[in-house]
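Written below as structure tokens is the structure these notes are about.
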Amino acid sequence: MRPLLLPFLLLCSTTLSAQSNCDSLKHLLGSMLEQYNALSVENEQIAFEMNVQRAQIDSLRAALNRGTYDLDKAMMEAKVLRSIMSGYVVTIDSLNSVNKGLQRGDQ
């Protein structure tokens, strides 16, 4: 068998379970993008960092769609991206609470 064909054949012989996991991961990444898009922030630094995370999610989704990325590695990266997003949610919520307190103090 030619060496270049072997990776292609291995890629094409994914099991139904692996395909299901891949579809679930794609759905999770799509959901994460929607959640990132729903977050609103005026802080330029946080907005820049969130855009970097969005780009990483897009890149990971594209690699999964091409079938050129290891599923286990992609799942680990998705977990990391999810935890980073959770940190942004906490930070944004905290900043909004502080802003509301400051606004009440100004009035």
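A Cβ-based charge dipole, computed about the Cα centre of the range 43-107 with Lys and Arg at +1 and Asp and Glu at -1, lands at about 160 debye. For the range 43-107, the spread of Cα coordinates along the three principal axes comes to 57, 18, 14 Å, biggest extent given first.
Rule-based calculations on the coordinates, nothing more; no lab input. Everything numeric in this text was worked out from a predicted model, so none of it was measured. Please note: Cβ atoms are built from the backbone with ideal geometry, for glycine as well, and neighbour counts cover all protein chains shown.
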